[in-house]
Amino acid sequence: MEKTSTDAFPFTMNSSEKQETVCIFGTGDFGRSLALKMLQCGYSIVFGSRNPQKSSLLPNGAEVFSYSEAARKSDIIIIAVHREHYGFLTELTEVLKGKTLVDISNNLKINQYPESNAEYLAQLVPGAHVVKAFNTISAWALQSGALDANRQVFVCGNDSKAKQRVMDIVRTLGLTPLDQGSLMAAKEIENYPLQLFPMWKFPFYLSAFLCVFFFFYCVVRDVIYPYVNGGKDSTFRMAISIPNRVFPIAALTLLALVYLPGVIAAILQLYRGTKYRRFPDWLDHWMLCRKQLGLVALGFASLHVLYTLVIPIRYYVRWTMKNRTITQATAKREDPFSTSTAWLSDSYVALGILGFFLFVLLGITSLPSVSNTVNWREFRFVQSKLGYLTLILCTAHTMVYGGKRFLSPSSLIWYLPSAYVIALIIPCIVLVIKFVLVLPCIDRTLTRIRQGWERNAKPTLNGERYLKQSSVHLDSEL
Amino acid sequence: MEKTSTDAFPFTMNSSEKQETVCIFGTGDFGRSLALKMLQCGYSIVFGSRNPQKSSLLPNGAEVFSYSEAARKSDIIIIAVHREHYGFLTELTEVLKGKTLVDISNNLKINQYPESNAEYLAQLVPGAHVVKAFNTISAWALQSGALDANRQVFVCGNDSKAKQRVMDIVRTLGLTPLDQGSLMAAKEIENYPLQLFPMWKFPFYLSAFLCVFFFFYCVVRDVIYPYVNGGKDSTFRMAISIPNRVFPIAALTLLALVYLPGVIAAILQLYRGTKYRRFPDWLDHWMLCRKQLGLVALGFASLHVLYTLVIPIRYYVRWTMKNRTITQATAKREDPFSTSTAWLSDSYVALGILGFFLFVLLGITSLPSVSNTVNWREFRFVQSKLGYLTLILCTAHTMVYGGKRFLSPSSLIWYLPSAYVIALIIPCIVLVIKFVLVLPCIDRTLTRIRQGWERNAKPTLNGERYLKQSSVHLDSEL
Amino acid sequence: MEKTSTDAFPFTMNSSEKQETVCIFGTGDFGRSLALKMLQCGYSIVFGSRNPQKSSLLPNGAEVFSYSEAARKSDIIIIAVHREHYGFLTELTEVLKGKTLVDISNNLKINQYPESNAEYLAQLVPGAHVVKAFNTISAWALQSGALDANRQVFVCGNDSKAKQRVMDIVRTLGLTPLDQGSLMAAKEIENYPLQLFPMWKFPFYLSAFLCVFFFFYCVVRDVIYPYVNGGKDSTFRMAISIPNRVFPIAALTLLALVYLPGVIAAILQLYRGTKYRRFPDWLDHWMLCRKQLGLVALGFASLHVLYTLVIPIRYYVRWTMKNRTITQATAKREDPFSTSTAWLSDSYVALGILGFFLFVLLGITSLPSVSNTVNWREFRFVQSKLGYLTLILCTAHTMVYGGKRFLSPSSLIWYLPSAYVIALIIPCIVLVIKFVLVLPCIDRTLTRIRQGWERNAKPTLNGERYLKQSSVHLDSEL
């Protein structure tokens, strides 16, 4: 009688009258850490082991039995052995029937096996309820009470009751369970701790390519050309002068590439006359990593700011200025003051500062804890309105920097224009298209399409297509 | 028997044996997105529609019925139609009796209707349990698994059991439910997604006013006066020189305005001899947006730092320095080194750097995720002690900047003092009052009042007054 | 019948049919704030008071009774009186039997009493279930709906059912309960709100010592020596020049001290041939405050950056440069341009910028909300790989700064080497040891030890020792 109600209502299980017992198969490092933490939180722990005598490192208070004996003592069994050794579980099918098996395993490589470990376990022991959990937690995070460690535990499983019980345990251990749905999510959960910044790969490689390309472009113009034409050694420019050309170019290009997929998507929607058709894969992927592109661009912009601010400290700059002054003083000649040059110089600098300031604001609002405190409308306002303003300011900063020299033939070296001219191409394209798109007549059509209107009604769409439309939403917002 | 207990205890409902069925009225964009997400999380979905045949865009697995048919299949019905079309629900009163209706609607304007949509729904269908939820979530956030989107779902309702069930659904969808109490909170929840930074309005308009005022003040002194008196064209100063005067003034004034309401409140409490009387509304509102005032001030301070650091790069500055050097070199005259000027210059810069550094620290601790990891005492220490230290350093920075010129008649132009002299007024007032308030004799009385002591005991206070006292607490802390 | 099930299953208690009644003992400030918030969230409140008539400030809707009368009306009683007045509860033992007592008290000092207030309460009223909660929340945080206030409520108690009910109340009030286990955790929870940055103490005192020591070291070399040797007044150097030497030294030393305990731990493990022995306490503590050490180092590095960037604005620097130019112009002598000096100057600056940039990245990823979104592998990558790269760049920056003068006898003043030479000692030691440790042969042994291999198998370890091993994990990662 008592037992029945316990099965039915997991929330009353760990009452003080009787401690809940959890069984752990395997006495490895993580199993022991988990056991210790659970003992501290008031659970009883029994270990199941092939060789119950040998385990000398187990925490105080835990008992060790054979696998089948241990399994009999608890309804919930944590499988803390490697997937390769799951085989022995087939012999325990009888005793594991109806029990909850918690798969905590990880692999060494992404997509190492055709099916996830948890699904494999569910096939091996068909009568048990398999729940995937704890694989994203390190043994260290389990032990340390640090509030800022990653405490999210992804949980999935086909049996909701079993999943609820595991999530209760997670919560009792002071961690945050995140329900990821059915066992089909296990593959993704198992891949998660093996990932190394997957969304950053494309921005990283792209920016590496941009940097290398523009670095050599500038080396040709600023180092090789003076050497060939005058034998001048300007190699020292590679430390600061050239990076300080490459970084702003990379920043501006990447920032423009944040907004380019949005306008491409809008053109596609206008052309197709519907939002209910999925975008090409490359566009979908591009749109999903816009935040990362933007943050990499912000990184380059910050480096550009630092490299610019140290200019007056550099030996080369000090030497040049001193020598120019001495030459003029010796010749007793004074430059007249040019108000237009002062205007150009000051407005170029001011535009850059304001653009960078807004850029940093965008970066701060993309911090998870900040974006959690704003509502959707505010987030959209910051990321879209302020974002475009940033792009406009930074593009104007680059244009004013060019000033009068812009596209003048004298700035061509070996037929190569200045690097910043190339950097302006993508931002200008984005801004021009965006300007066309916000013209009232076009904006009206686009808004109607995004609210669900279709030029030619399309017949049934299946669920998968529907899912993909979500990215259009993002697009309509950002 | 089994079934009855299932009805009674929502946490065991979504067990694997039987999938919970949720009904959605309306097949619009958001209804379909919600349906798809719920299907992915293991729910069964039935749509209720006026015209069950027409809906071709619905996700796979969902069925469509007439409204009454669909409502019969589930205990929980999500109303995904606009408030204007709620009328048809009156005909379904019978079938909706005792069921949970989830109002997910939003309006187009703040306070568009006299009562909230959810309360209106509750009046229309008196027998049902209305719960407000999901209105703060965008269709896109529902679909994307992004961890950093805004995942908070505000939930309110009069029936706790119905509310619990909705909160369980929210949690299962991977979102974070926040219980906001009874249906009276619905109006606020419906206004929430329509707000655009409401707490930032006052700081924004105030700082805009300060900027415009001081900008024209400086234009008069630095551009118009030289033009009138000598025909000199100094318009280029409007790009950097004048903003770099306006920004620090705005920053210092706003920072002082963060601490001014606190000292006003203390004076009011001392005068009244009690903390149990609510403050004037303007003071309450002012105290609630101090964080925003402080962050705007930090923004201006950051701009001031950037504008200051670019000084040596500017053409005007380089030209001036070069010419001055040439003139002296030609005249073969050298300035003697003045140790006191070096002291003034260096200490003014050092005070500014330290003040800015502390200011940034204050800004970082006001990030939500950082302030969550400190306890109340630490938060108070940072925001109050470090805050006043920042104010003192920044005020001293401005004073030393003035140096010997401070208030000297020669710096008056058209009877207008330098702008920084005006900027010092509020900070100095705040610091002087604060200094008086921390004198032991006054501090003792104030502390007693804030611990509940009253000079003249006041009779009964109702709940609303009590609520307003809360801001006094803040005041006693910050 | 109805009542029994209510007792058994707390989650169905606050259904709309009957409001849950909560009793509060004591009518002080915090008790009243709590009552008001609970009334707003739909609870019924009864106050228990020694003198039921006198309480005039209570919120509307709450009733006041004598202690025993009030206690009879509710199963859950919040004790909002000071520990010193707990005595009267012994007389109520009968009526409190089986009820849940919530201890919300705080002390004035850390470890003020031998046992925690909650444990003391449990001894006084043996028949009741004592739960510790709410002590970390301020009355103000209770009232304000601000999303970013500290909303975490630590809860502990021996009776899980009672604890669950209290955690439900916490959740209903819109706060976040964190289960901290049994009542043994009460002491720590009671100390928590009294702490003032405990993990920051060691880094703070260490950095204060470093600053003071290097400040006086530099004063001796740069102020006293010139005064003694030439009567030159260089006191103004104490405002910027000397801090700008002290801050980078402190930053580099602290950064190296972040990585030193890791290599010490590795050496210890290699020497002992096992990871299953706890480290000395000082090493454990040192490893736990590495994050704080790193952030303090980042603070000094930021100050160093600001102090460096203002160099060209300083009067002293401008005067020196102008005079040097004038002297050369008068002598009609020009310095030849030295490419190697340009290389040294530029690469020193570039290394510093890149090091600082990575350092800031490290700081950003240590923000709680950012570190929550990365998995363990990514966190390790950033904090370990990028961390060492930062250390290498900053050390190289300092070495190149020294340039040719490095260790040359002419830079000795009173046998004292330049301060930066001393600053390089610890970083170089760390980098050399780390280089040895990553040599394949040693790395292989270390990895085996960290995976659990032991050179000499050790017999049983008790739980406490096991707990301490956790820090080894950290070490193996960072």
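The values are calculated or read from the model by the stated rules, or taken from the named source; none is laboratory data. Source: prediction; values computed, not measured. Neighbour counts are summed over all protein chains in view; Cβ atoms, including those assigned to glycine, are modelled from backbone coordinates with ideal geometry.
Structural remarks
- Count of residues meeting criterion [farther than 15 Å from C:Met321 by Cα and not aliphatic (A, V, I, L, M)] in region B:328-349: 10
- The one condition from (1) exposed (fewer than 15 other Cβ atoms within 10 Å of the Cβ); (2) more than 25 Å from B:Val305 (Cα to Cα) that B:Ser371 does not meet is (1).
- Which listed residue is within 14 Å of chain A (Cβ to nearest Cβ), among the β-branched types (Val, Ile, Thr) and in contact with a helix residue (DSSP H, G or I) (Cβ under 7 Å, 6 or more places away or on another chain), from B:Val370, B:Val349, B:Val400, B:Val382: B:Val370
- The residues in region B:7-22 that are surrounded by fewer than 17 Cβ atoms within 10 Å (Cβ to Cβ) and either modelled with pLDDT of 85 or more or assigned to a strand (DSSP E or B) (or both) can be counted, and the count is 1.
- Residue list for region B:117-129, filter: touching a Leu at 6+ places or on another chain (Cβ under 8 Å) and under 22 Å from B:Asp29 (Cα atoms): B:Ala118, B:Leu121
- For region C:110-127, a residue qualifies if it is crowded, with 20+ Cβ neighbours inside 10 Å and without any contact (Cβ under 8 Å) to a residue 40 or more places away in the chain, and exactly one does: C:Val125.
- Residue, farthest from the other protein chains (Cβ to nearest Cβ), within region A:174-193, restricted to residues that are crowded, with 18+ Cβ neighbours inside 10 Å, among the hydrophobic types (A, V, I, L, M, F, W, C) and part of a helix (DSSP H, G or I): A:Ala186
- Residues in region A:310-321 that are within 17 Å of C:Ser347 (Cα to Cα) and more than 8 Å from chain C (Cβ to nearest Cβ) were compared, and the one that is surrounded by the fewest Cβ atoms within 10 Å (Cβ to Cβ) is A:Ile311.
- Failed item, numbered, when A:Ser369 is tested on (1) in contact (Cβ under 8 Å) with a residue 12 or more places away in the chain; (2) within 26 Å of the chain's Cα centre (by Cα): (1)
- Unmet criterion (only one of (1) without any contact (Cβ under 8 Å) to a residue 40 or more places away in the chain; (2) in contact with an Asp or Glu (Cβ under 9 Å, 6 or more places away or on another chain)) for A:Phe236: (1)
- A:Gly294 meets each of the listed conditions (1) more than 7 Å from every other protein chain (Cβ to nearest Cβ); (2) under 30 Å from B:Lys332 (Cβ atoms); (3) in contact (Cβ under 8 Å) with a residue 60 or more places away in the chain apart from (2).
- Condition met for B:Asn158 (away from chain A (no Cβ under 14 Å), surrounded by fewer than 21 Cβ atoms within 10 Å (Cβ to Cβ) and either at pLDDT 80 or above or within 21 Å of B:Phe25 (Cα to Cα) (or both)): yes
- Any strands (runs of 3 or more DSSP E) falling wholly within region C:23-96 and containing at least 1 residues that are modelled with pLDDT of 90 or more, farther than 30 Å from C:Pro114 by Cβ and more than 14 Å from chain B (Cβ to nearest Cβ): C:44-48
- Listing of helices (runs of 4 or more DSSP H) fully contained in region A:325-402 that carry 3 or more residues being of a type in the set (S, T, N, Q): A:339-365, A:387-402
- Enumerated helices (runs of 4 or more DSSP H) restricted to region C:202-309, each holding at least 3 residues that are buried (at least 23 other Cβ atoms within 10 Å of the Cβ): C:243-272, C:290-309
- Flag if A:Phe134 is at pLDDT 85 or above and either at positive phi or facing chain C (nearest Cβ under 10 Å) (or both): yes
- B:Leu252 vs. criteria in contact (Cβ under 8 Å) with a residue 40 or more places away in the chain and within 12 Å of another protein chain (Cβ to nearest Cβ): no
- Of the residues making up region C:322-346, those that are more than 7 Å from chain A (Cβ to nearest Cβ) and within 27 Å of A:Met238 (Cα to Cα) are C:Pro336, C:Ser338, C:Ser340, C:Leu344.
- Residue, nearest to C:Ala396 (Cα to Cα), within region C:430-453, restricted to residues that are in a helix (DSSP H, G or I) and at pLDDT below 85: C:Thr447
- Qualifying residue in region A:403-423 (condition: touching a residue at least 40 places away in the same chain (Cβ under 8 Å), in a loop (DSSP other than H, G, I, E, B), more than 9 Å from every other protein chain (Cβ to nearest Cβ) and surrounded by fewer than 19 Cβ atoms within 10 Å (Cβ to Cβ)): yes
- Residue, farthest from A:Ile364 (Cα to Cα), within region B:271-309, restricted to residues that are β-branched (Val, Ile, Thr) and over 12 Å from the mean Cα position of the chain (by Cα): B:Thr274
- Checking C:Leu389, C:Leu358 one by one, the residue that is closer than 17 Å to C:Val305 by Cβ and either small (Gly, Ala, Ser) or more than 8 Å from every other protein chain (Cβ to nearest Cβ) (or both) is C:Leu358 and no other.
- Residue selected from region A:349-366 under the condition over 21 Å from C:Leu367 (Cα atoms) and surrounded by 21 or more Cβ atoms within 10 Å (Cβ to Cβ), by the criterion nearest to the chain's Cα centre (by Cα): A:Phe356
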